[in-house]
1. For the stretch 94-168, what is the Kirkwood hydrodynamic radius in Å, using each pair of distinct C-alpha atoms?
2. Can you give the Kirkwood hydrodynamic radius of the stretch 111-155 from its Cα pairs, in Å with one decimal?
3. Hey, any idea what Rg/Rh is for the stretch 47-123, computing Rh the Kirkwood way over Cα pairs?
4. Pick from 166, 48, 23: which residue has the top mean-square fluctuation in a GNM of the chain where Cα pairs under 10 Å get a spring?
5. Using only the Cα atoms of the stretch 1-103, build the gyration tensor, take square roots of its eigenvalues as a ≥ b ≥ c, and label the shape rounded, prolate or oblate: rounded if a/c is under 1.5, else prolate if a/b is larger than b/c, else oblate.
6. What FRET efficiency would be calculated for the residue pair residue 166, residue 141, taking the C-beta separation as r and a Förster radius of 30 Å, to the nearest 0.05?
7. Using Cα pairs under 8 angstrom and six or more residues apart, how large is the relative contact order of the stretch 3-201, in percent?
8. If each of residue 66 and residue 151 carries a label point 7 Å out from its Cα toward its Cβ, how far apart are those two points in nm?
């Protein structure tokens, strides 16, 4: 169990995981995968909150010079501020993280002056969907780099889902592929149970 979860347990608090990701398309594979991972995390005893495609699409573009934040922007920043772990999920657009998801991540600059700066010491799960393995892999590498820049710890497993010609989720969001479900379950287990090196957590 990671240091954040030890602290939550010590305070008699349920560990809290925030999921950020999706697309503008309702029921997207990206958001469905994120929901599946959060569902597994809940089964492991965590409390979760999802900021999916609809919430992300409603956000104004991040402007560092603007100090006032909308209600939606404040909700994401405050949720991550309280979180013990985060899961990001993005489609692979032209080899990188989508603008929709990156805009939400950019808001975490508001955590730069917190006692826990950005995602410092937090386990972060990464999920990528793309129509081809090249897009999956380059986007996952980009997402891991973003997590490192935010001082977070990407989980050992990053889940990449090749959606080219394959239906992985039903219209109700249910996962149709046992291997995909197993991978997302393992990601959730690592987010909940990954151990951050002690030296890095100090």
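1. Values: mean 1/r = 0.0761 Å⁻¹.
Evaluated on the stretch 94-168, it is 13.1 Å.
2. 11.2 Å
3. On the way: Rg = 12.4 Å, Rh = 13.2 Å.
Checking Rg against Rh, the ratio lands at 0.94.
4. 166
5. Working: a/c = 2.26, a/b = 1.36, b/c = 1.66.
Cα axes put the stretch 1-103 in the oblate bin.
6. Numbers: r = 22 Å, r/R0 = 0.74.
Computed FRET efficiency for residue 166 and residue 141 comes out at 0.85.
7. Values: 377 pairs, mean separation 48.6, N = 199.
So the answer I get is 24 percent.
8. Taking the two extended label points, one gets 2.7 nm.
Read the figures in this text as sums done on the coordinates, not as results from a lab. Keep in mind the model is a prediction, meaning the values are calculated, not measured. Backbone-built Cβ (ideal geometry, glycine too); neighbour counts: all protein chains shown.
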